Amino acid sequence: MVIGSILIAGGAGGYFGYVKFGEYKNAQAEKEKSAQEVAQTQQQAIEGAKLEIEKLKAQGKLSEEKQQQLEQQIQNTPKQATPKNNDDSITVKDLEPYISGVVKIHCKNSEGSGSLWKIDNKYFVLTNAHVVESTYPDGSCSFIADDSNEQLEGAYYIYPEKMILGDEIDSALIPIDSIATPEFSKPINSLNYKISSLPRCSKKMPQGSKVVTIGYPAYAKTEYILQGIRGVSNARIITEGVISGYSSILPTSHPNYYVSAKIDSGNSGGIALSKDENGLCVLGIPTWISLGNYETQGIVQNVWYLLINLMAL
């Protein structure tokens, strides 16, 4: 009875989708197996011809004509490309260059995460519009940059009124205006903008694709008192999961994603990375949380939809 309830709750479409996915995976495995077998056979033919040349040389029976025939056989054997490694796991080595490109954003009554981008030799923070909706009286927000060991690199001003993207899609690309603490901050051009060098993921990544989010979630915030001074520290957190499904709000050519990677308030505006056939790629921005009766799912805005009207990208 329990199994029947689960199947009914999942719906026939979910069941048949699972079956089709299984068939697809089996077909892909067979293709990979066939490619490997062909490559192995071709390599064996080449090695066999080389061994025959050496053997005939050792016996003194290798005529010039026979050697030319065997060498021609080696040259004419098709070279099978080595099958691609379809491992989509995202490793520490993959992530390491990009972690410090995610920053903590502070506004008057709102805060969240952002990522650093270099576009046409200009420097920007990409985040959600709702993260920067409550500016200080001078119209500013600020962000804190830490290195990969979470050591302070500096504090910087951004002015949301200068944003390039609009809040109609809850996204904001904001120029980095100036250094808030020049006495101990790195120059703006010395921060980590490597995220902007990553390719965008495919417009619709498959369900089950690995996902990693980087940001400053609320659950990683800690209040402290040090020498009588009260403060708050907020750790940069990496979470991992998979693409669970697609949001039906956007066109299916570039949907938003439900992801199982843990997302909390504070993650908004950070970065979500995945991996396709070309390697690590930008999936989008962790933005909202979908609350169910027993589960929550994070929602990532598809980077293609975010940048659809931004010709510079």
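The values are calculated or read from the model by the stated rules, or taken from the named source; none is laboratory data. Computed from a predicted structure; not experimentally measured. Here Cβ is always computed from backbone atoms with ideal geometry, including for glycine, and neighbour counts include all displayed protein chains.
For this structure, a couple of remarks:
- Residue within region 72-81 that is modelled with pLDDT under 90, surrounded by 13 or more Cβ atoms within 10 Å (Cβ to Cβ) and in a loop (DSSP other than H, G, I, E, B) present: yes
- Taking the criterion of being aliphatic (A, V, I, L, M) and either in a loop (DSSP other than H, G, I, E, B) or touching a helix residue (DSSP H, G or I) at 6+ places or on another chain (Cβ under 6 Å) (or both), the residues of region 181-213 that qualify are L191, I195, L198, M205.
- Complete set of residues in region 132-179 that are buried (at least 17 other Cβ atoms within 10 Å of the Cβ), small (G, A, S) and not in a strand (DSSP E or B): S140, S171
- Enumeration of residues in region 265-290 that are out of contact with any helix residue (DSSP H, G or I) (no Cβ under 7 Å at 6 or more places or on another chain), surrounded by 24 or more Cβ atoms within 10 Å (Cβ to Cβ) and not hydrophobic (A, V, I, L, M, F, W, C): N267, G270, S274, P286, T287
- Of everything in region 97-124 that is assigned to a loop (DSSP other than H, G, I, E, B), touching a residue at least 24 places away in the same chain (Cβ under 8 Å) and not acidic (D, E), the residue that is surrounded by the most Cβ atoms within 10 Å (Cβ to Cβ) is Y98.
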